[in-house]
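What follows is a single structure, written as structure tokens, with notes after it.
The values are calculated or read from the model by the stated rules, or taken from the named source; none is laboratory data. Please read all numbers here as calculations on a predicted model, not as lab measurements. Cβ coordinates were reconstructed from backbone atoms using ideal geometry, including for glycine residues, and neighbour counts include every protein chain displayed. Ligands, DNA and RNA are stripped out before the accessible areas are found, and what is left, the full protein with its side chains, is counted by its heavy atoms. Shrake-Rupley method; radii C 1.70, N 1.55, O 1.52, S 1.80 Å.
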Amino acid sequence: MNSKGSKTSSTFYYGWLIVCLSHFTLAFHVVTRFSFGIFQVPLIEEFEWGRGLLGGAFALSMATYALGAPLAGSLLDKYGPRAIMPWGSVVLGVTLILSYFISSVFEVYLLIGFFLGGGLALSGFATHSAIMPRWFIQKRGRATGIALSGIGIGILFLAPILERLISIFGWRVTYLIFGIVILFVIAPSGFILLRDHPEDVGQGPDGTQPRSKEDFKKVYGDKNQKKGIRDVFNEVRKDKRFWFLMVIVFGIGFNNNTIMSQLALYLIDIKYLPVTAAIIFGSVGFIRTLGSIIGGWVGDLIGRAYGVSLASFIVGMGIVYLILLPNFGSSLINGFIFAIIYGTGTGAMSACYSALCGDCFEGPNYGIIIGFMEICYGLGGVLGAPFAGFVFDTTKSYAIPFITISCLMFFALFLSILLNRAIQRERKISQF
């Protein structure tokens, strides 16, 4: 085989098709979780369940996802993305279809809490982030940003569509339609188009020539001698970068899942109409899309750790604006201003963080390592959503949860600066 650095003769790099596939898959998959904030409104109206009680189902979903992420990563490292990830679409599609029959809190916890979380562990943020370093090195930040921007696109388009479908057909039929699309459109696309490595289609990373067997084995090792989850943890737990990233991703999980599970309810509380709240919710998705793409590009230029710092600051300021939003008046313009600030920061933070993990830990066990990260992301979601729900049930205010998120973001800013220093030290050591 030719050397890694020479250009391939093909004018089309299959890696960009993988990016597009991840983009559209995430658009549907992650919204299955975030749209629960929209479905909560009719569920509360019909069954008179408390927000804290439903927040517990959301928390269980995050716990299932978090605990399943290292196992899914281990399976991905051993068997490859094509053998694992499309089954996540199958699980999610069937789960949503069965949600048509929900009539008790137990069924909400079983379907939304357990099975939906398991489906996202197989094909969600963690696994789609894990496959980007397989396909890109120099353009990793941009590729990751475009792939993860699918989350924002899903929020932008699917959130208003789901809200409209609920108002026309009811929440049961909407769950049914959503599940059918994922099961019969998204799942087959993954089975047909997904590949494990660029060498599977006669190419190398970033569109270069395929790596030799020796070079490939240096990066990914022997698939028959993969390390177990415990062995990988014992190896990385001594690395400061690992713990810095774990704390940062806890803040990301607390922020993302708390805000996206409670935002529609909060906006309605401060006198926005449900349809307007859905538009603002969707606008966050659109801006998040741009933030992911721009953030990935900026991270490639200034360094991904500094990209996380900048994004953390922007998210923190967005939360401050959200707290003050009732004082500014419940106008669509003010809602859009929040969406611009918060969406930009959230999208950029996810893209820079994901690419940064790849920079630190790319290799044969990266799927397991990113799975460990998602445990902290899930823990943030497990604590954040019910915390916000129960605080609101007690105080009739989201001030305490929102202030907590803002503090976490500014702490992530500080940690990412320390992380950059740790990365630079590791690079100096590796040069000797």
Seminar exercise, completed: When the chain is treated as a Gaussian network with springs between alpha carbons less than 10 Å apart, the largest mean-square fluctuation among Gln138, Gln209, Gln262 is found at Gln138
For this session: Mind ranking Phe58, Phe184 by accessible surface for me, highest first, 1.4 Å probe?
Result: Phe184, Phe58
For this session: Could you order Thr174, Thr11 by accessible surface area, starting with the largest, using a probe radius of 1.4 Å?
Result: Thr11, Thr174
Exercise. How big is the gap, in Å, between the Cα center of region 163-217 and the Cα center of region 107-154?
Worked result: 10
Seminar exercise, completed: Taking only Cα atoms of the chain, the Rg to Rh ratio with Kirkwood Rh works out at 0.97
For this session: Return the FRET efficiency for the residue pair Ile403, Ile302: r is the Cβ-Cβ distance, R0 is 25 Å, and the value is rounded to the nearest 0.05.
Result: 0.30
Exercise. What is the Cα centroid distance between region 327-371 and region 81-97, reported in whole angstrom?
Worked result: 24
Exercise. What accessible area, in Å² to the nearest ten, does a 1.4 Å probe give for Thr127?
Worked result: 10
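Helices from the chain with mean Kyte-Doolittle at least 1.0 and a Cα length along the axis of 20 Å or more, per DSSP H: which?
Passing helices, by number: 14-34, 81-98, 140-169, 274-302, 304-328, 332-361, 366-395, 399-430.
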Problem set entry | Extreme residue, positive dipole direction of the chain, given options Ala305, Leu111, Met349 (C-beta unit charges) | Ala305
Exercise. Using a simple charge model, +1 on the beta-carbon of Lys and Arg, -1 on the beta-carbon of Asp and Glu, nothing else, what dipole does the chain show about its Cα centre, in debye to the nearest 20?
Worked result: 1200
For this session: Whenever you get a sec, line up Phe169, Phe402, Phe125 from highest to lowest accessible area (probe 1.4 Å, protein heavy atoms).
Result: Phe169, Phe125, Phe402
Exercise. Using a Gaussian network for the chain with springs between C-alpha atoms less than 10 Å apart, which of these wobbles most: Phe372, Phe410, Phe47?
Worked result: Phe47
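Run the helix sum for the chain: -39,500 (n - 2.57) per DSSP H stretch of 4+ residues, divided by residue count, reported at 222 nm to the nearest 500 deg cm²/dmol.
When only DSSP H runs of four or more count, the value is -27000 deg cm²/dmol.
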Seminar exercise, completed: Mean separation of Cα contacts under 8 Å (at least 6 apart) over the residue count of the chain, i.e. the relative contact order in percent, is 28
For this session: Mind checking which of Met246, Ala277, Ile177 is farthest towards the positive end of region 160-293's charge dipole, using Cβ charges of +1 (Lys, Arg) and -1 (Asp, Glu) about the Cα centre?
Result: Met246
Problem set entry | Phe106-Arg421 pseudo-label distance in nm [points 7 Å out on the Cα-to-Cβ vector] | 5.5
Exercise. Hey, what's region 280-346 come to in accessible area per residue, 1.4 Å probe, Å²?
Worked result: 37
Exercise. Of all the accessible heavy-atom surface of the chain, with the other protein chains kept in place and a 1.4 Å probe, what percent is carbon and sulfur?
Worked result: 68
For this session: Pick out which of Gly141, Gly335, Gly150 has the largest mean-square fluctuation in a Gaussian network model of the chain, springs linking Cα atoms closer than 10 Å.
Result: Gly335
